[in-house]
Amino acid sequence: MIPLAILEEIIDASGVAPRIEAMLPIGVRRRQLSVRTLLAGMCLALADGRPAHLTRVHRALTSLPACDQLRLGVIAQWKHGPHRLTCRQAERTFGLAADALAKDEPGGLPSADLAGTCDDLLEASVPEKFKDASDSLAVDWTDMETFSRPPPAKGGDCADPEASWGHRKNNLLRSENELFYGYYLSAGIMMREENGPAVPELARRMTLSSCRHDPVRALVPVLTRMPEDGIPLGGILADSGYAHRDAGAWAIPLRAARAQPVQDLHPHDRGPKGTHEGAIISNGNLYCPKTPRALLELGPLTRSATPEEAAAHDARTAELARYKLGRLTRDDADGYHRVACPAAAGKIRCPLRPPSMTLDRDRPEILQPPQHPQACCTQQTVTISPDVLAKTAQKHDYPSAAHRRSYARRTGAERGFATAKDPASNDISRGWCRLMGLAPLMLFTTIISSLN
């Protein structure tokens, strides 16, 4: 059980309580339950492993010591004497807060006020000593089923029209995917830096979106807001479900925010994919036009690989790296950079670059250079525009050993969702929260993410 004092510190550090309070309408009679006390009750209920029910929030508040109840306004002095908070009052304050944070025309995505509130709550839950410990995030999405029944098959409304049909994978033999009615929960989990010390795997950012929206596109603005808040983005660890989106939906916005993707490539994006100025485009890099085809078609190492197979695979990816055009400059303001022929960089031997033929023979040698060499073979440098490798370029060469070690950190996202869905604690399956709509569900989900 997390002490009440710590929960109050998180709420106060986020600054969301007075901001929400200013958004609520002023009634004839002052509300007994403040937003700050409501958030404290929500934290108490979820920290105690209770489901996200307002009756549990009310019970958590009315179970506090009398001194805390008086301090938080759970017990207030009315003209006829002390009055203890009722469940109806808790419902009233929560309903006002949820309505204020929701969109006027719900569309399945959080409003700017709701997104900012959730960002601030999660950021406040990260201890000060760990805020700068790492700027790497493992991202993923999972299903969040609403308590509402789906709309009738013959048409009509349901209790949660903001939700939508989505699909999720299961571990059953009879089917690979199954349908559910609800939302997609996306999160970014803090992970250690490459070769760095371990850090707590805390949820740094999260969002909720209706299944009618792409969860990848819904998460991008959440991540790109972090540099605006003074939080730098580093390695973004993502699976092929993120990398396979078009570049404008995922890779380009992240690079604009100075993030460095470390991601698995979808099978459709692996291997040679055309040329640029004569160089072969493959796995997010440009390679010499005479690179052996077998090296360009290398795939990721299988999970069941033996140490000997891993060593052989790493040796082949290291050989492939010798054929890669070497980067000479960083991206400029428009995303352009310059590269040079690997022979000019001293990585391989090629007759088209006579000085390279004086290099040691332990380097690969081009025995049959192109009969009609293009720019990558004739020019000193080649300018690469940002759209050439926009989708597949990443921090490490794919599928090298460095990429494999860095990408292995992505499992932190799986562990984060496993904790949230653990039946022994807060099982966020259907019925965990019986409130309808994106705003109520996202508020409770954010609080449980900040406590795990």
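Annotations
- Taking the stretch 273-326 as the range and being on the phi > 0 side of the Ramachandran plot and either without any contact (Cβ under 8 Å) to a residue 60 or more places away in the chain or in a helix (DSSP H, G or I) (or both) as the test, only G274 passes.
- Test: residue in the stretch 213-222 that is at negative phi, surrounded by 20 or more Cβ atoms within 10 Å (Cβ to Cβ) and part of a loop (DSSP other than H, G, I, E, B): no
- Listed by first and then second residue, the pairs linking a residue in the stretch 328-352 that is under 30 Å from A256 (Cα atoms) and among the basic types (K, R) to a residue that is at pLDDT 90 or above and surrounded by fewer than 17 Cβ atoms within 10 Å (Cβ to Cβ), with Cβ atoms under 6 Å apart and 6 or more places separating them unless they lie on different chains, are R338/L328; R338/T329; R338/T383.
- Pick from the stretch 262-272, criterion surrounded by 20 or more Cβ atoms within 10 Å (Cβ to Cβ) and in contact with a helix residue (DSSP H, G or I) (Cβ under 6 Å, 6 or more places away or on another chain), ranking: nearest to M191 (Cα to Cα): V262
- The condition of being of a type in the set (A, V, I, L, M, F, W, C), in contact (Cβ under 8 Å) with a residue 12 or more places away in the chain and either open to solvent by 30 Å² or more (accessible area, probe 1.4 Å) or more than 30 Å from A198 (Cβ to Cβ) (or both) holds for only one of A124, A76, A66, that being A76.
- Odd one out for K391 among (1) in contact (Cβ under 8 Å) with a residue 12 or more places away in the chain; (2) over 19 Å from the mean Cα position of the chain (by Cα); (3) open to solvent by 10 Å² or more (accessible area, probe 1.4 Å): (2)
- Reported count of residues in the stretch 364-381, each being closer than 13 Å to A344 by Cβ and open to solvent by 60 Å² or more (accessible area, probe 1.4 Å), is 3.
- Looking across L109, L101, one residue alone is within 20 Å of E162 (Cα to Cα) and in contact with a strand residue (DSSP E or B) (Cβ under 8 Å, 6 or more places away or on another chain). It is L109.
- From T142, T117, residue being out of contact with any His (no Cβ under 9 Å at 6 or more places or on another chain), of a type outside the set (A, V, I, L, M) and open to solvent by less than 10 Å² (accessible area, probe 1.4 Å): T117
- Qualifying residue in the stretch 103-110 (condition: part of a strand (DSSP E or B), open to solvent by less than 60 Å² (accessible area, probe 1.4 Å), touching a residue at least 24 places away in the same chain (Cβ under 8 Å) and in contact with a Lys or Arg (Cβ under 6 Å, 6 or more places away or on another chain)): no
- The listed residues are F94, F130, and the only one of them that is open to solvent by 40 Å² or more (accessible area, probe 1.4 Å), of a type in the set (F, W, Y) and in contact with a Pro (Cβ under 9 Å, 6 or more places away or on another chain) turns out to be F130.
- Failed item in (1) surrounded by 16 or more Cβ atoms within 10 Å (Cβ to Cβ); (2) out of contact with any strand residue (DSSP E or B) (no Cβ under 8 Å at 6 or more places or on another chain); (3) in a loop (DSSP other than H, G, I, E, B), with P342 passing the rest: (2)
- Within the stretch 228-246, residues that are hydroxyl-bearing (S, T, Y) and at pLDDT 90 or above reach partners that are part of a helix (DSSP H, G or I) and open to solvent by less than 60 Å² (accessible area, probe 1.4 Å) with beta carbons closer than 6 Å, at six or more positions or on different chains, in the pairs Y242/V216.
- Checking G196 against (1) buried (at least 16 other Cβ atoms within 10 Å of the Cβ); (2) more than 12 Å from the chain's Cα centre (by Cα), the condition it does not meet: (1)
- Hits in the stretch 273-295 - residues which are of a type outside the set (S, T, N, Q) and open to solvent by 30 Å² or more (accessible area, probe 1.4 Å): K273, G274, H276, E277, P289, K290, P292, R293, A294
- In the stretch 1-33, residue surrounded by the most Cβ atoms within 10 Å (Cβ to Cβ) [restricted to those that are hydrophobic (A, V, I, L, M, F, W, C) and in a loop (DSSP other than H, G, I, E, B)]: L33
- Pairs where the first residue, in the stretch 132-161, is free of Cβ contacts under 8 Å to residues at least 24 places away in the same chain and hydrophobic (A, V, I, L, M, F, W, C) and the second is part of a loop (DSSP other than H, G, I, E, B) and open to solvent by 10 Å² or more (accessible area, probe 1.4 Å), C-beta under 7 Å, 6+ apart: C158/R149; C158/P150; C158/P151
- Failed item, numbered, when L265 is tested on (1) in a loop (DSSP other than H, G, I, E, B); (2) farther than 30 Å from Q374 by Cβ: (2)
The values are calculated or read from the model by the stated rules, or taken from the named source; none is laboratory data. None of these values were measured; they are calculated from a predicted model. In this analysis, Cβ positions are derived from the backbone assuming ideal geometry, glycine residues included, and neighbour counts consider all displayed protein chains. Side chains are part of the model used for accessible areas, which takes the heavy atoms of the whole protein and leaves out ligands, DNA and RNA. Shrake-Rupley method; radii C 1.70, N 1.55, O 1.52, S 1.80 Å.
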